Structure formats: structure tokens, C-alpha cells
Amino acid sequence: MTPPQSAAPPSGRWASALPYLTLPLFLAIIAALVWLTRVHDDDEQRATLINDVLWMEQNIQFKLDRNAAQLAQIGNELLSAERHRPQSIAALRQLTRPENGLVRVMWLDARGNVRGAVPPVTDGELIGETTGAVPAESTFRLAAALGHHVYGPVYEVAGGGHHFEVHVPIYSDNAFIGALVGVYSLQDLVISELPWWFAERYRVSVRDSDGHEIVSKSKVAPLSDQLNYSMAFDPPGSGLTLNITAYRPETRWIPILLIGSIVLLSGVLIWTFWQLRRQLGRRLSAEQALRSESLFRRAMEDSLLTGLRARDLDGRITYVNPAFCRMVGYSAGELVGCTPPMPYWDPEFHEQTREIHDRILRGGSPTDGLEVRLRRKNGERLDALIFEAPLIDAAGKHTGWMGSMLDITEQKRVQDLARQQEERLHATSRLITMGEMASTLAHELNQPLAAIASYNSGCLNRLEQPAVDPAELREIHDKIGRQARRAGDIIRRVHAFVRRSEPKRESLDLNAVITEAVGLIEADTRKHGMRITTELAAQLPTVAADPVMIEQVVVNLVRNGMDAMRDNPPSRRTVHIATHVDGGMIEVRIADKGKGIDPETARRLFEPFFTTKTEGMGMGLNICRSIAELHHGRLSFEPNPDGGTIFILSLPVEPS
Ligand code: ADP
């Protein structure tokens, strides 16, 4: 069975493909966002670095310019006055504070001789060393020539450190009167006085023209190789460069957390999507399997010949299959939703059907089914066998009843016909037997009547004699009475046999029935030169049976035996009847010494109307077997070891 493939509509296909397109797009956008944030972050850091460097440069520039201006101002006072004013010295001390970068200020006369210094030069210090010797001279001359302050080259001082000088020329009445020399410590100017936040963020160093680092402010942490900035350090100039490198930027937790959560959420999203896809796949295949299963079941139900009908707990029809509709002749639309009385109930059997219906709803449906008489829509009779089973839903709740219905109308019709035929046959058989028995009856009655007549004439003879012995007369009358009763019995038995059709069971001694039957047939037996011998078991248990029917069986079997021995010599013309108990059954064995039964005859023995006799009916054994089965017994036969056949009638012992 191939279930039809369900083709998804184009819009559905798009809808299902959408997540496959949007998910990568979404992830790409997230990645781009993360990247852009990072780039933006780097740009921002670089911009901040440049701003900070510019700020630093301006700061140094401002400091140098301010110092130069102050030196010029103090220089005038210092060099033009005869005596140094204490305010000027105080101002110089103020100027040589570490935050200004100046470590010493010297004032020189117009010839370049040092006239004083703050702090003063100690004895051990050499002026040449302090002033940088030759280069200092050229700076001095250059400042004098140019008329404004000039920065000298950087030089290394004893004891470590690098210094440079600013020479500020001093004029009085347009005459060069000397210069003030400010000695700067590169370390103090650039590094020591860096604000804490700057020092925290950046590594600052100064390189000479050869690229050697001469001053630095370093930290242990490794440096970022991306964020650095170099610029000419001018003033003081002379090839110095200022290098600023950002320390590894501080871990910025918020964007990291933000990106981390985006990545995590994307991961969860992908996982969820994946799980959803798997579940969807599973659900789709389950749906497909369910659809196939339901189509398979539908096909099965449609092909069924058994009618199916489901009802809820109130008896309302909730489902019928096509076979049920065909049986009753109503469509599913006409039936579903119907409540009792159903349209297919036979009005003649309304009450019985309702009773069965209520019984089923109470759960009292027998497992071997219930027979009901229904009526098709076209008015035809419908005999049905119904099996009911409870309907249990997925939660285990009893929701109704599912009934399967078999149409047994034809079967019933055949059974009825067979029963009628059998009844007719029984009647026919009785009539035939009656006809046969009429002659027997005549013969049977002849005997007692002849005996009565003979006893009567004997009696009359006695009465004519003078001395009549009353005892003798009484004896004769007793015999007459006995013969009359015997005749009456014969007539009664025949009457009962002909009149009765239904078995009338009573507690029966089979030995007694056999004796009766033998009495009935004896005359006929003698007529044909036959003999009946009996071997009846003593203390035989009783059976529950109809005496007349059982008698009929025995008579029939004995007659058949006699018929089979017609051609036998007189010595072999005996029918032997024996009874005995075998387990729970009593067996009556009727053995003849006739011609026996050949296989062909054996095969058809119990068929109705099978006979090998010219005047036979072929119904005897058939009726005998029916009677045996009617009494829950059986009729069988076997070859007689003495020649001939033994017919065995088995009947169950009556339960005590
Ligand atoms: P009918 O006696 O009218 O023929 P039955 O049904 O009694 O009908 O017997 C059917 C046939 O079975 C007989 O015609 C006969 O051929 C065979 N048959 C019955 N009993 C015996 C028997 N004891 N020995 C041999 N054949 C028998």
C-alpha cells in the first residue's frame, strides 16, 4: 500500500525554508556586529591615544614656553641689577621645582661666564659638564644671535639621566647682557610629572636620533603592538622622538559580556533550532506513519465483510463502516448520531432488541456473540450475530462500545430449512414406521387376542360342566386380563410413538427400554425365524432420555440386523443386545451376524435416503443418529469379530 504523498503548498515550502535562510543571515549579522564593535572600539582607542598624545605634547610645550617666558622675565631682573634681588632667587627656586622639569637655572654674562646658579653649583661639579661644554657654547651664541630662546642638544649626565638646556638671551636697552640657562631633566619633564591616568594608560619613552631609548616610563605588563604613536619631540628637537604606546587595553567587561551573551544566545538559538528541526522531522515521520496506518485501516475496514459500528456510552452511533451500511441498507449519514430505537430495528422484535441493546450497554455482552433479528431499509429480514467490545481511549477511559456484526440471515435460513426438513422427515419416518408397525401391531395383537379368545372358550367349556372350580376359573380370568393388558400396552406404545415429536426426557433404565423394544419386535422376529439374545448389565446407571425415542432406535437397529441376516442359515440368525458402562457413558451394543458393511456403504451409511434395500427408505440410521445426538450421545458401528456388524448406541450417564 502506498500512501499518497502530501505535496506541501509553495507558500508552505517557503515558510519551511525561511529558517534555513534567516538563521545564517542572523549569525552573519551578529558576527558583523561583533566585528564592527571591535573595530569601532579600536578606532576609539586610537582616537583617544592621539588626543592624549596631543594633550601631552601641548602640556610639555606649554610648560617649556611658560618656563622660557619666566626665565626671560627673571633674567632681566637678575642680570641688569647689581645685586641679585632675593625675589628673583626665590622665583628661580620656585621655577626649579620638579613639576616644571627644570633641575637648575644658571645665569651667564654676555661673554658666557657663569655668574650664578640655582641651585648653586657645588665644588665637585664642573660647569662644562653641567652646561654641556662645546654644544652649550654654540647654543648660547645662537640664542644671543637670534635674540630669543634656543634649546640645546640632549646630553647624558654623570650619574645617569639626560638633560638639555634652554638658553634665554637677556637684553638691556637693546644690548645683549647675558643669558639665562634652564637645565631640563628629560626624565622630570616628560615622565615624572605625568598625570597618574596617563601613566596608567600609556608607556611613554623618548628616543634619540639613533633610535635608542634614553628615557622611559615602563610597566611590567606586555604592550599592545597595535596602539602606539611616535612624534618628533621638538622642542627640544635634535632628532628626539616621543613614543607613546598604549598598555594592553583594560579588559572591558561590559562589551565582552554583551558579546559573550550574544554568542551564547546564538548557540542556544542554533541548538534550539536544531532540536526543533529534529522534533519536526520526527513528528512528520510519525504523522506520515499515522496517515499510512489510518489509510491502511480504512482500506481494511472498507474491505471487511463484517459490519462495524461504534456507539458512545449513551448508545448513540458514532461510527459505521461500509459493510454495516450495506447490511442494513442505510447510509453512514443516516446512521451516525442515531439513538435507540435504531432505524434498522425490527418493529416486531422491538422489545427484545431494546433488551439486548441495554444489556450490551451494561457490559453484559457474551463473548460468543448475541443473535438479533433486524430489518433492512427495504424491509427484508436481517439476522445478525453481534460481538461487542468496550472502546477505551488513549487515557484508558471507557468511551463506548465497538460492535462487529455478521450477517447470518442465509445461515439461519438454511438452518430453518434443515430443521423443517428434519421435522418433516421425522414425521415421515414416524408414518413409515407406523405403517410397518401396523402389520406388526396386527400380528402382535393377534396373539393376545387369540389367547384371550382361547381362554374365553376354555372358560365357557368349564362353565358348561356341572362342577365348576372357581379357583380354576379365576386363574383363566387372570390370564385373560394379562393378555388384554398386554394388547393395551402395545396399542399405547404405538400411540405414544406416533403422537410425540419432542423428546421428553426422564430418568431411564436402558435395560428396561431394551426389554420393551424386544417385546415390541419379538413377534416379527419369530416370524422370520430370528432370535434376540440379551446380555444386560446389572445395576446399570440411569440416563436422561425419551423412552419412546430410544426404543425406536433399538427397534430400528434390531430390524436392520435382522434384514442383514435374511440369507443366513438358521443357526446364524441371532441379534445379540448387550449393555455395559464405559466411563461416563452407557453403551448399548446390538450385534448381528449378517453380511457386514462394505466401505462404500460405510461412507454413506448415515446419509438420508441411502438404502440398499428394494423397499427401504434409507432414513432409519439417519433418524437414529439424530436421536442419539439429541441426547448428547452418539451412534457408531464396528465389524463384528463373529461376522456381521455391531451398532453401538452411547448415552451419557445421568448426573446424580
Ligand atoms: P433402510 O433400512 O431403510 O435401508 P437405514 O438407514 O436403516 O435405511 O439403513 C441404510 C442402509 O444401511 C441399509 O440399506 C443397509 O444397506 C445398511 N445397513 C444398515 N444396518 C445394517 C446392518 N446391520 N448390516 C448391514 N448393513 C446395514
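The values are calculated or read from the model by the stated rules, or taken from the named source; none is laboratory data. Model, not experiment: these values are computed from the prediction. Cβ sites come from the backbone with ideal geometry, for glycine too, and all protein chains shown count toward neighbours. These area figures cover heavy atoms from the full protein model, side chains too; ligands, DNA and RNA do not enter into them. Shrake-Rupley method; radii C 1.70, N 1.55, O 1.52, S 1.80 Å.
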Practice task
Mind listing just one residue for me: the one in the range 586-609 that is within 7 Å of the ligand (Cβ to nearest atom) and open to solvent by less than 80 Å² (accessible area, probe 1.4 Å) and, of those, nearest to Met565 (Cα to Cα)?
Solution key: Gly594
Practice task
Starting from residues that are within 24 Å of Val554 (Cβ to Cβ) and hydrophobic (A, V, I, L, M, F, W, C), keep the ones in the range 449-500 and report whichever is modelled with the highest pLDDT.
Solution key: Ala487
Exercise for the section: All but one of (1) open to solvent by 60 Å² or more (accessible area, probe 1.4 Å); (2) over 22 Å from Gln411 (Cβ atoms) hold for Phe387, so report the exception by its number. Expected result: (2)
Exercise for the section: Considering only residues that are within 28 Å of Arg505 (Cα to Cα) and open to solvent by 40 Å² or more (accessible area, probe 1.4 Å), look in the range 610-637 and name the one that is farthest from the ligand (Cβ to nearest atom). Expected result: His632
Practice task
Could you tell me whether the range 546-555 includes any residue that is more than 16 Å from the ligand (Cβ to nearest atom), over 17 Å from Ser636 (Cβ atoms), acidic (Asp, Glu) and not in a helix (DSSP H, G or I)?
Solution key: yes
Problem - Extreme residue, nearest to the ligand (Cβ to nearest atom), among residues of the range 638-654 that are among the charged types (D, E, K, R) and in a loop (DSSP other than H, G, I, E, B) - result: Asp642
Exercise for the section: List every residue pair whose Cβ atoms lie under 9 Å apart, where the two residues are 6 or more positions apart in sequence or sit on different chains, the first residue falls within the range 598-610 and is part of a helix (DSSP H, G or I), and the second residue, located anywhere, is near the ligand (Cβ under 7 Å from one of its atoms) and open to solvent by 70 Å² or more (accessible area, probe 1.4 Å). Expected result: Thr601/Thr612
Practice task
Looking only at the range 332-340, decide whether some residue is touching a Ser or Thr at 6+ places or on another chain (Cβ under 7 Å), buried (at least 16 other Cβ atoms within 10 Å of the Cβ) and within 26 Å of Lys397 (Cβ to Cβ).
Solution key: no
Handout entry: Tally of residues being under 11 Å from Lys595 (Cβ atoms) and surrounded by 16 or more Cβ atoms within 10 Å (Cβ to Cβ) across the range 562-575
Key = 4
Practice task
Could you grab me the full set of residues in the range 136-184 that are among the hydroxyl-bearing types (Ser, Thr, Tyr) and within 18 Å of Asp65 (Cβ to Cβ)?
Solution key: Thr139, Tyr151, Tyr184
Exercise for the section: Please list, ordered by first then second residue, the pairs with beta carbon atoms under 6 Å, 6 or more apart or interchain, first in the range 632-656 and free of Cβ contacts under 8 Å to residues at least 40 places away in the same chain, second open to solvent by 30 Å² or more (accessible area, probe 1.4 Å). Expected result: His632/Pro652
Handout entry: Hits in the range 343-371 - residues which are within 16 Å of Val320 (Cβ to Cβ), in contact with a helix residue (DSSP H, G or I) (Cβ under 9 Å, 6 or more places away or on another chain) and not aromatic (Phe, Trp, Tyr)
Key = Pro343
Exercise for the section: Within the range 57-77, identify whether any single residue is at pLDDT below 80 and open to solvent by 70 Å² or more (accessible area, probe 1.4 Å), and answer yes or no. Expected result: no
Completion exercise
Residue pairs qualifying under the 9 Å Cβ cut-off, at least six apart or on distinct chains, with the first in the range 557-584 being away from the ligand (no atom under 16 Å from the Cβ) and modelled with pLDDT of 90 or more and the second being of a type in the set (S, T, N, Q) and part of a helix (DSSP H, G or I), are Thr579/Asn511
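Quick one: in the range 508-545, of everything that is of a type in the set (S, T, N, Q) and in contact with a Ser or Thr (Cβ under 9 Å, 6 or more places away or on another chain), which residue is surrounded by the fewest Cβ atoms within 10 Å (Cβ to Cβ)?
Thr533
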